[in-house]
C-alpha cells in the first residue's frame, strides 16, 4: 500500500505521476531525451543501463519496465537481461558498454565513487565524452526515479511477462507523451 493516497490501479511510477502531473511532464521529457533521442549509444544500451541501475537499487517496477523495453530493442529474452543485471562482465556486450555499466554502477553508489580509472578505461574502449556524460546522467536519473517509485511505497505487478509484453509499445510511444493513467496490463 502506497504511503500516500495515489490514484487506484496505477503501478510503479504511474501512480505518483498521475498524482502530480506537473512534475511528470519534465521527468518524462528527461527520460525521452536520455533514453530515446538520437545518440551514439543505442536505445537498447541506454535502456539496459536504466535496467541495471534500477536492479542495483532493487526497484522491481523500474528494472522490469525498462528491462522489457531493453529486451525489445536488443531482441533478447528475460534470461539475458537477468544475467546482465547479475554479471554484465561475463555477457556478450561490447567492451565499451561494459565500461559504461561500470560507471553507472559507481554512480548508483554515489557520484564520488566514479574514478578517473573508470573514465580512462571507458575512453580507451571507445566511449566519447557525450556517452560518459549520458551514462552518468542516466544512472543519476534512475536513482531518482527508483527512489520516487519506492519512496512512496508504490505497488508493481509481480508477473514480469506484463513488462515484456508492454516493452514494444513503450518503445514505440516513448516517454514524452506518456499517459500515467493508462493501465499497465492493457498490453
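The values are calculated or read from the model by the stated rules, or taken from the named source; none is laboratory data. Keep in mind the model is a prediction, meaning the values are calculated, not measured. Cβ: placed from backbone, ideal geometry, glycine included. Neighbour counts: every protein chain shown.
Structure notes:
- Of the residues making up the stretch 67-104, those that are free of Cβ contacts under 8 Å to residues at least 40 places away in the same chain and assigned to a helix (DSSP H, G or I) number 19.
- Cβ separations smaller than 8 Å between residues 6+ apart or across chains give the following pairs from the stretch 161-187 residues that are on the phi > 0 side of the Ramachandran plot and at pLDDT 85 or above to residues that are surrounded by 14 or more Cβ atoms within 10 Å (Cβ to Cβ) and assigned to a helix (DSSP H, G or I): 174/32.
- All conditions in (1) crowded, with 21+ Cβ neighbours inside 10 Å; (2) free of Cβ contacts under 8 Å to residues at least 60 places away in the same chain; (3) under 21 Å from residue 167 (Cα atoms) hold for residue 17, with the sole exception of (2).
- Cβ-Cβ under 7 Å pairs, at least 6 apart or on other chains, the stretch 116-134 side on the phi < 0 side of the Ramachandran plot and touching a residue at least 40 places away in the same chain (Cβ under 8 Å), far side crowded, with 17+ Cβ neighbours inside 10 Å and assigned to a helix (DSSP H, G or I): 131/100; 134/34
- Matching entry among 115, 154 (being more than 13 Å from the chain's Cα centre (by Cα), modelled with pLDDT of 95 or more and crowded, with 16+ Cβ neighbours inside 10 Å): 154
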